[in-house]
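**Student:** Sharing a structure with you now.
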Amino acid sequence: LKMTSGYGFGLEDSNGSTKPVRIVVVGEKETRKTSLIMAAVTDHYYPEPNIPSLLPYTKLPSEYCSEDVPVTLIDTSSRSEDKRDVIREVKEADAIVLTFAIDRQETLDRLIEYWLPLFRQLEVRVPIVVACYSVIKNEHNPVNIEEITLPIRQQCQEIEICIEWSAPWLSDISWLAQAVFVQAQISAMYPIGPVYDRVTNSLKPRCIAALKRIFELYARNNDYILSDDGLSDMNVRSFGIPVMPSRSRELIKSVQELCPLGVKENGLTIDGFLVLITKLINDRKLRTLWTILRTLGYNNDLRLVHEMIPYSSFKRMHDQSVELTDQAIGSLKRAYHRFDNLGPQMMESLFETAPESPWNGAPYKDATEKTSNGGLSLEAFLSLWSLMTLLDPARSLEYFICICHPDDPSSAVHVTRRRELDRKEQISVRKVVQCFVFGPTNAGKSALLNGFIGRPYDDDNRDGLGEERYAVNMVGNSGVTGGTKKTLVMKEIQYQEDGFLLSDEALASCDVAVFVYDSSDESSWKRAIDMVSEVATISEDAGFVFPCLMVAAKMDLDSFPMAIQESTRATQDIGIEAPIPISSKLGNFDNLFHKILTAAEHPHLCIPKIESKRKRVLKLINSWIPECWVKCFCISS
């Protein structure tokens, strides 16, 4: 039962993972879950009356464990009141054994109607081995296990194999029971599900992406042809030994027979390399493939393992941010320029060595300016990458590693200085500025963000609807960083009836806040100035103050009476600049975005002078204590 043959391109053995494997056995009542475990671990088959109701955690004997990896077999209850325990075990499983009885159709139906849907609902994606038994002796017309289980195998690709382990006409029942668990262990250690689609008989997209990255690592210095030396280097890293030239020629010849275009200049093209890997899978050499994948940093989901991501390089306080370094920006520019025009199709090609495009969904999908063909300019491309680095530096670094192949990923990002120190020094040199956009419903926030990224004005105002959204672009700057452009991130904040859903940590990430109001609506202005007071109070109590600007939107409409006088007086009273007039409809933004960058560069200015709740409480206490002392003194006298 053990795997003893050699692996790797050089057909030499390699050391597998020693991570213990948990195999959970589930199924309907009286489908002999416990009997299966006992038959595997004791070399005996026990009659039903001698079987306990539930076994404790059981170790599979080491002589049956593949590669000496410890295996724990976990029995589960069929009682409805124990469902929570079963779910907990299933969530922690490395592989699942599903049991049913051939003679009881309802137990097979339950696999399709209950168990497989439950695994999907729990998002459990581990290999499944189906184990069945028969109690009716029918030697002359035996049931075909492949036929009876075909519907569930077609429905669930995670099912690795179906094994009939117990029947009156079968001998060596213990050996078959052991085979069930050995197969489950091998499937857990080297699963086929994540890498290969058995319906289409083709590699899965994430597997192709991982293999393309690996191919580039070993072929980029040879005009993207994987030579004998590149193949040998890959084998040395994965298995510790080189590939002999004769063996390399055999591999290349076998690929050429299957795919003539897969060989060029006595080496493998990317298509030839994918054919080679597909051949390994069809030859059931999954261990070779998974050893390569894991050596090059992939987990079972074909994402880079945590150890590949230098988390220490972006460890930060709440008022610090993460930015790309000049070195990383240079690498991204070179990656971008590999394509003449980064249209939608080229975007997919750019990320072909990554798990998928990271910007297909929120908050990135509609966050930046698009070209006429729906693609991205270089500035838009770098802006989106800066946004991803700001919001999710781990994801940013994962994708940077996948497409740029850096020698030292930690050099791709740096952490900015704390804003508290920026205020003390009265200067900030951040290259990525995050601006929170507050305002009442229908004030013009969405129109402002749309105008920022070059989208046409839409009279159908959708302010206050939906989730928070981002807009990001590069803005010319003539401040402390000279003529260098900065990346400005605009975040539209949604307001609920019970207030802003912002934590202290969320406010800490704000570099500048703008408060937008409809200049034709006095109630909008009053609500906006109340928001300034509310946000300034919350931020000061949290210890994260930031510059604030007011924006008078819809200047193409008639202003409410006394609008300019009232707004000027109110902003002067709280120590911030007068409102900046804009008209998104006319495309007139009065240099607003440059003014936001200027405010961010001087974080000690434009901070509303509004007394925080904490200070008001302290004043109240201080005013109350002396009066209390006087009363106490009079009473004692």
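The values are calculated or read from the model by the stated rules, or taken from the named source; none is laboratory data. These figures come from a predicted structure and were not determined experimentally. In this analysis, Cβ positions are derived from the backbone assuming ideal geometry, glycine residues included, and neighbour counts consider all displayed protein chains. Surface areas here come from the heavy atoms of the whole protein model, side chains and all, with no ligands, DNA or RNA. Shrake-Rupley method; radii C 1.70, N 1.55, O 1.52, S 1.80 Å.
**Student:** Sort 353-361, 405-413, 551-559 by packing, meaning the average of other beta carbons within 10 Å per residue, with the highest value first. Mind dumping the intermediate values first?
**Tutor:** On the way: 353-361: 16.9, 405-413: 15.1, 551-559: 20.4.
Ranking the peptides 353-361, 405-413, 551-559 by packing returns 551-559, 353-361, 405-413.
**Student:** Taking loop as defined by DSSP and a crowding limit of 14 other beta carbons within 10 Å, which chymotrypsin sites (Phe, Trp or Tyr not before Pro) in the stretch 51-138 fit?
**Tutor:** Values: sites: TYR57, TYR64, PHE100, TYR114, TRP115, PHE119, TYR133; in loops: TYR57.
Answer by residue number: TYR57.
**Student:** At THR371 and ASP504, where each label point lies 7 Å from the Cα along Cα→Cβ, what is the point-to-point distance in nanometres?
**Tutor:** 4.7
**Student:** Subtract the Cα-Cα distance of GLU379 and ASP530 from 0.36 nm times their separation in residues, and report this length gain in nm to one decimal. All intermediate terms of the calculation are to be shown ahead of the outcome.
**Tutor:** Working: separation 151, 0.36 × 151 = 54.36 nm, distance 3.66 nm.
Full-extension gain reported as 50.7 nm.
**Student:** Still on this model: Give me, ordered by chain and number, the residues 5 or more places off VAL551 or on other chains with an amide H under 5 Å from its own placed amide H.
**Tutor:** Sorted by chain and number, the residues that satisfy this are PHE515, VAL516, TYR517, ILE580.
**Student:** I'd like the trypsin sites (Lys or Arg not before Pro) in the stretch 418-462 restricted to DSSP loop residues with at most 16 other Cβ atoms within 10 Å, sorted by number.
**Tutor:** Working: sites: ARG418, ARG419, ARG423, LYS424, ARG430, LYS431, LYS445, ARG462; in loops: ARG418, ARG430, LYS431, ARG462.
Sites meeting the loop and neighbour criteria: ARG418, ARG462.
**Student:** Also, quick follow-up: Carbon and sulfur together cover what percent of the accessible area of the chain at a 1.4 Å probe radius? Spell out each step's value before the answer.
**Tutor:** Numbers: 15530 of 30590 Å².
The C+S portion of the solvent-accessible surface of the chain is 51 percent.
**Student:** What are the ³J(HN,Hα) couplings of the stretch 218-223, residue after residue, when phi is run through the Karplus curve with 6.51, -1.76, 1.60 and θ = phi - 60°? Round to Hz, x for glycine and proline.
**Tutor:** Karplus values, whole Hz, x for Gly and Pro: 9, 10, 5, 8, 9, 6.
**Student:** Kindly write out, for the stretch 257-269 in residue order, the coupling ³J(HN,Hα) from the Karplus curve 6.51 cos²θ - 1.76 cosθ + 1.60 (θ = phi - 60°), rounded to whole Hz, with x marking Gly and Pro.
**Tutor:** Each residue of the stretch 257-269 in turn: 5, 8, 8, x, 6, x, 10, 8, 6, 6, x, 9, 7 Hz.
**Student:** What's the FRET efficiency of GLU106 with ASP392 using the Cβ-Cβ distance as r and R₀ = 45 Å, to the nearest 0.05? Walk me through the intermediate numbers first.
**Tutor:** On the way: r = 47 Å, r/R0 = 1.05.
It comes out at approximately 0.45.
**Student:** To continue, here is another question. Can you list which of the trypsin sites (Lys or Arg not before Pro) found in the stretch 192-243 are DSSP loop residues with at most 14 other C-beta atoms within 10 Å?
**Tutor:** Working: sites: ARG198, ARG206, LYS212, ARG213, ARG220, ARG237; in loops: ARG198.
Listed in order of number, the matching sites are ARG198.
**Student:** Keeping all protein chains in position, work out how much accessible area PHE593 exposes to a 1.4 Å probe, and write it in Å² to the nearest 10.
**Tutor:** Surface open to solvent at PHE593 totals about 30 Å².
**Student:** Nearest 0.05, what FRET efficiency do ASP407 and VAL305 give at R0 = 22 Å with Cβ-Cβ as r?
**Tutor:** 0.75
**Student:** Out of every Cα pair in the chain, what percent are spaced more than 37 Å from each other?
**Tutor:** 55
**Student:** Rounded to the nearest 0.05, what FRET efficiency do GLU250 and ARG198 have when you use their Cβ-Cβ distance and R0 = 35 Å? Intermediate results must be reported in sequence, preceding the final value.
**Tutor:** Numbers: r = 27 Å, r/R0 = 0.77.
That pair, GLU250 with ARG198, gives E of 0.85.
**Student:** Right, something else. Could you give me the ³J(HN,Hα) list for the stretch 392-408, computed from phi with Karplus coefficients 6.51, -1.76, 1.60 and θ = phi - 60°, whole Hz, x at Gly and Pro?
**Tutor:** 8, x, 5, 5, 4, 5, 4, 6, 4, 4, 5, 9, 10, 6, x, 6, 10
**Student:** Which value in deg cm²/dmol, rounded to the nearest 500, describes the helix-derived mean residue ellipticity at 222 nm for the chain, given -39,500 (n - 2.57) per DSSP H run of n ≥ 4 and division by the residue count? It would help to have the intermediate numbers written out before the result.
**Tutor:** On the way: 22 runs with 253 residues, N = 637.
Helix contribution divided over all residues of the chain: -12000 deg cm²/dmol.
**Student:** Still on this structure: Can you list residues from other chains, or at least 5 along the same chain, whose modelled amide H is less than 5 Å from the amide H of VAL21?
**Tutor:** VAL71, THR72
**Student:** How big is the Cα convex hull of the stretch 534-592 in projection, averaged over all directions, in nm²? Display every interim value, and only then the final one.
**Tutor:** On the way: hull surface 19.5 nm².
Mean projected area for the stretch 534-592: 4.9 nm², to one decimal.
**Student:** Quick check: Cα centre of the stretch 93-110 to Cα centre of the stretch 221-293, how many Å?
**Tutor:** Taking the Cα centre of each part, the stretch 93-110 and the stretch 221-293 sit 40 Å apart.
**Student:** Among the listed pairs LYS333/LYS485; LYS315/LYS485; LYS554/LYS585, which are separated by more than 18 Å between their Cα atoms? Please list the in-between numbers first.
**Tutor:** Details: LYS333/LYS485 15 Å; LYS315/LYS485 26 Å; LYS554/LYS585 7 Å.
Beyond 18 Å: LYS315/LYS485.
**Student:** Further question: Restricting to bridges with both residues inside the chain, how much of the DSSP beta-bridge set is antiparallel, in percent to the nearest 5?
**Tutor:** On the way: 22 of 61 bridges.
Roughly 35 percent of the DSSP beta bridges within the chain come out antiparallel.
**Student:** Separation between the ASP326 and ASP541 pseudo-spin-labels, each 7 Å from Cα along Cα→Cβ, expressed in nm?
**Tutor:** A separation of 4.4 nm, rounded to one decimal place.
**Student:** Then there is this: May I ask for the net charge around ASP422, where only other residues with Cβ less than 15 Å from the Cβ of ASP422 are counted and Lys, Arg are +1 while Asp, Glu are -1? Intermediate results must be reported in sequence, preceding the final value.
**Tutor:** On the way: positive: ARG316, ARG417, ARG418, ARG419, ARG423, LYS424, ARG430, LYS431, LYS486; negative: ASP319, GLU323, GLU420, GLU425, ASP511, GLU601.
Result for the local shell: +3.
**Student:** Using the Kirkwood radius built from alpha carbon pairs, what does the Stokes-Einstein equation give as D for the stretch 213-253 at 37 °C and 0.692 mPa s, in µm² per second?
**Tutor:** Details: Rh = 10.3 Å.
For the chosen part, D equals 320 µm²/s.
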